[in-house]
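Chemist: The structure under discussion is supplied below as structure tokens; questions concerning it will follow.
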Amino acid sequence: MALRGLAGSEPSSRGPLEEAVEAAEEREAPVPVAAAVAPEDDEEDDGRGLLRWDGFSAWLHCVCVVGFDLELGQAVEVIYPQHSKLTDKEKTNICYLSFPDSNSGCLGDTQFCFRFRQSSGRRVSLHCFLDQFDKDLPVYLKKDPAYFYGYVYFRQVRDKTLKRGYFQKSLVLISKLPYIHFFHTVLKQIAPEYFEKSKPYLEAACNDVDRWPAPVPGKTLYLPIMGVVMKVRIPTCHDKPGTTQITEQADTHISVILPTVHEVDLFRCFFPVFFHSQMLWELVLLGEPLVVMAPSPSESSETVLALVNCISPLKYFSDFRPYFTIHDSEFKEYTTRTQAPPSVILGVTNPFFAKTLQHWPHIIRIGDLKPAGEIPKQVKVKKLKNLKTLDSKPGVYTSYKPYLNRDEEIIKQLQKGVQQKRPSEAQSVILRRYFLELTQSFIIPLERYVASLMPLQKSISPWKSPPQLRQFLPEEFMKTLEKAGPQLTSRIKGDWIGLYRHFLKSPNFDGWFKTRRKEMTQKLEALHLEALCEEDLLLWTQKHTEVETVDLVLKLKSKLLQADREHLPVKPETVEKLRTHIDAIILAVPEDLQGILLKTGMT
């Protein structure tokens, strides 16, 4: 019986084994379901093998226009593309989060960002195939399946022709991607024109987005939008932290070059409280409940995002809301006094929160984020009982005692920059590098200890299941700090041991360790696959029964599917070698068994 498509076939041919494996994989994998089906005439192929709106959906879920109706209040006027699905709860959240509180007094144009929980039970998106890009992203830029981001361009101007006397409207981009700087830049390009030209302009802009290449990490992307070309590069997990890989050389057809897709102006955000930067870094690292009280949504959202960003390259694993209102669907959950405040960072502007969140342990009160022209007076940490209203003076209100001594060097360096009128971007680079070094000094001892939990490669046997990781023992880890602690890389003194003990109980440690454990388990699976490939499997089958041979083939097929499904770090040549082994074994068994093995994909 000739077996086409097995070992020795042409590279382009697909044999029955590949088809069997593929069929088994399809049975295992969740079936991707479109978020919604576009009208039939919209389903043409665009020449890239994508249906209409596939390109758009890789970047955005939808675009909303939120206006003010005298009878209804805030209302979603437009959702584009029209087939985009939003639940009533999601629409309500978008409505209230897309407008500043009335007390903010935001006249003119305002940009900010919010984040809200996706309704449970939503079906898997057609674009789950794009999740393959997630594996190459830094952990802090990976999509969170439970949340959407909303990027807002709000305009409020006087208009005597309207009953309220004001034109009030928001253009909102809804996306899973946390690319704050990128989407704010997109809005700057399209929102002002949209407010003048209305719906046809919005349709044209969405059609442009639909023609964009996929958001592949590590590639330089050229993204045209309404006559402007943006040059961007999405970071990868292999980039050196704190560096930008995009070149800013002049290019005739490029209108906008973005050195970053996700970072905010760190120094501008920390400037009102920069004497306390290190303490705030500790609070974020430990996942402590934090409230940012600000005069407007742009200040609250930028400050919350700066706080989350300050522990990079660590991911902040708790919830955070750059702009949070009393209408939010989680308002009761987050403001209840019947239990301790949750591990979350909230950005608020409504004075009502000064009373509602009085019981929260750490509150940052900021004024207007004016250009950093003068050095703020050194402010002491204020006691929580002194925070009565949003009119309270800017500062940090907490009874928290930092574990680490304050680094006076960074304060002097930034103060000197203010005196010398150093640009905010340059100050942000200094502050970001300082936070990066602090985070790396903290995390390196943990990385070193966790690496020691990995079994030795010689303990991996092809004929046994991969060995387990050793257990993380806090006290064993603490002992390693005497000789290999943060003192090797950081000049900062203080109670590092106390900081680690507190961190090991935090959601950020839990999230970080789960991620590392998964990566290391996958590495063990990959090493196990390599060990199998090095064996003479055909010789093994000659010494064993047909039943054992069938069992081996099924297990090897299962391994291949697992490698593909879980994106195991396996070399392509290892996978190919394993396929060749499987093909050779199938050729060696009786013909009746060959047919069964070719049809069987998984155990």
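Chemist: Apply 1/(1 + (r/R0)^6) to the Cβ-Cβ distance of Met454 and His544, taking R0 = 22 Å, and write down the FRET efficiency to the nearest 0.05. Intermediate results must be reported in sequence, preceding the final value.
Modeler: Values: r = 31 Å, r/R0 = 1.42.
Step by step, r from the Cβ atoms, then E = 0.10.
Chemist: Which of the peptides 146-159, 468-481 is most tightly packed, and how do the rest follow, judged by the mean count of other Cβ atoms within 10 Å per residue?
Modeler: Output ranking for 146-159, 468-481: 146-159, 468-481.
Chemist: While we're looking at this one, here's another question. Is there a quick way to get the dipole size of the range 536-600? I mean about its Cα centre, with the Cβ of Lys and Arg at +1 and of Asp and Glu at -1; what is the value in debye to the nearest 20?
Modeler: 220 debye
Chemist: I'd like the distance separating the alpha-carbon centroids of the range 290-337 and the range 476-554, in whole Å.
Modeler: With the range 290-337 and the range 476-554 each reduced to a Cα centre, they are spaced 33 Å.
Chemist: Can you compute the label reach from Ala531? Point 7 Å from Cα along the Cβ direction, backbone N cut-off under 17 Å, restricted to the range 437-461.
Modeler: In the range 437-461, the label zone of Ala531 (backbone N under 17 Å from the point 7 Å along Cα→Cβ) covers 453-461.
Chemist: When a/c is below 1.5 the answer is rounded, else prolate if a/b is larger than b/c, else oblate, so apply that to the range 266-430 with a ≥ b ≥ c taken from the square roots of the Cα gyration tensor eigenvalues.
Modeler: Values: a/c = 1.68, a/b = 1.58, b/c = 1.06.
Prolate, since a/c reaches 1.5 and a/b exceeds b/c.
Chemist: Ok, one more. Once both labels are modelled 7 Å past Cα along the beta-carbon direction, what's the Gln562-Ser119 spacing in nm?
Modeler: Placing both labels 7 Å along Cα→Cβ, they lie 3.8 nm apart.
Chemist: Another question, if that's okay. What lysines does Lys557 reach when the alpha-carbon gap must be under 18 Å and sequence neighbours fewer than 8 apart in one chain are set aside?
Modeler: Lys464, Lys571, Lys577, Lys599
Chemist: Can I ask one more? With labels modelled as points extended 7 Å from the Cα through the Cβ direction, what inter-label distance (nm, one decimal) is found for Arg164 paired with Ile444?
Modeler: 5.4 nm
Chemist: Could you list the residues of the range 285-303 with an amide nitrogen less than 12 Å from a label point located 7 Å from the Cα of Phe513 in the Cα-to-C-beta direction?
Modeler: Correct set: none at all.
Chemist: Dipole of the range 54-216, Cα-centred, from +1 at each Lys and Arg C-beta and -1 at each Asp and Glu C-beta, to the nearest 20 debye?
Modeler: Once rounded to the nearest 20, the dipole reads 260 debye.
Chemist: Can you give the % of DSSP beta bridges in the range 266-430 that are antiparallel, to the nearest 5?
Modeler: Around 25 percent antiparallel, to the nearest 5.
Chemist: Next question, about the same structure. Keeping all protein chains in position, work out how much accessible area His83 exposes to a 1.4 Å probe, and write it in Å² to the nearest 10.
Modeler: 40 Å²
Chemist: Moving to a separate point now. Sorting check: for 538-546, 582-590, 511-519, 171-179, which peptide has the highest mean count of neighbouring beta carbons within 10 Å, and how do the rest follow? Let's see the in-between values first.
Modeler: Details: 538-546: 11.7, 582-590: 17.0, 511-519: 14.6, 171-179: 21.9.
Result, highest mean Cβ count within 10 Å first: 171-179, 582-590, 511-519, 538-546.
Chemist: Convex hull volume of the Cα atoms in the range 536-600, per residue, in Å³?
Modeler: Cα-based convex hull of the range 536-600, divided per residue, equals 78 Å³.
Chemist: List the residues whose amide H sits under 5 Å from the amide H of Gln118, counting only those 5 or more places along or on another chain, with H placed 1.01 Å from N in the peptide plane.
Modeler: Tyr147, Phe148
Chemist: Same structure, new question: Using amide H atoms built 1.01 Å from N in the peptide plane, name the residues 5+ places from Gly347, or on other chains, whose amide H lies under 5 Å from its own.
Modeler: Amide H to amide H, under 5 Å and 5 or more residues apart or across chains, Gly347 pairs with Val292, Arg321, Tyr323, Phe324.
Chemist: I've got another one for you. Mind putting a number on the dipole of the range 183-333 about its Cα centre? Charges go on the C-beta only, +1 for Lys and Arg and -1 for Asp and Glu, and I need it in Debye to the nearest 20.
Modeler: Computed about the Cα centre, the dipole is about 360 debye.
Chemist: Using θ = phi - 60° and the Karplus form 6.51 cos²θ - 1.76 cosθ + 1.60, what ³J(HN,Hα) does each residue of the range 492-503 get, whole Hz, x for Gly and Pro?
Modeler: So the Karplus estimates, Gly and Pro as x, are 6, 9, x, 8, 4, 4, x, 5, 5, 4, 5, 4 Hz.
Chemist: Which value in nm describes the separation of the simple spin-label points at Tyr222 and Lys493, placed 7 Å from the Cα toward the beta carbon?
Modeler: About 5.7 nm, to one decimal.
Chemist: Let me know the shape class of the range 297-356, please: from the alpha-carbon gyration tensor, a ≥ b ≥ c as square roots of the eigenvalues, rounded when a/c is under 1.5, otherwise prolate if a/b is greater than b/c, or oblate.
Modeler: oblate
Chemist: Let me ask something additional. Work out the FRET efficiency for Gln415 and Glu591 from their Cβ-Cβ distance, taking R0 = 60 Å, and round it to the nearest 0.05.
Modeler: According to the calculation, E is roughly 0.15.
Chemist: State the extension gain, in nm to one decimal, for the chain segment bounded by Glu476 and Thr521, taking 0.36 nm per residue of separation less the distance between their alpha-carbons.
Modeler: 14.1 nm
Chemist: Okay, moving on. If the chain between Glu333 and Lys135 were fully stretched, how many nm would it gain, using 0.36 nm times the residue separation less the Cα-Cα distance?
Modeler: On the way: separation 198, 0.36 × 198 = 71.28 nm, distance 3.24 nm.
Result: 68.0 nm gained on full extension.
The values are calculated or read from the model by the stated rules, or taken from the named source; none is laboratory data. Because the structure is predicted, anything quoted here is derived from the model rather than measured. Ideal geometry is used to build each Cβ from the backbone, glycine not excepted, and the neighbour counts take in all protein chains shown. The accessibility values were calculated without ligands, DNA or RNA, using every heavy atom of the protein model including side chains. Shrake-Rupley method; radii C 1.70, N 1.55, O 1.52, S 1.80 Å.
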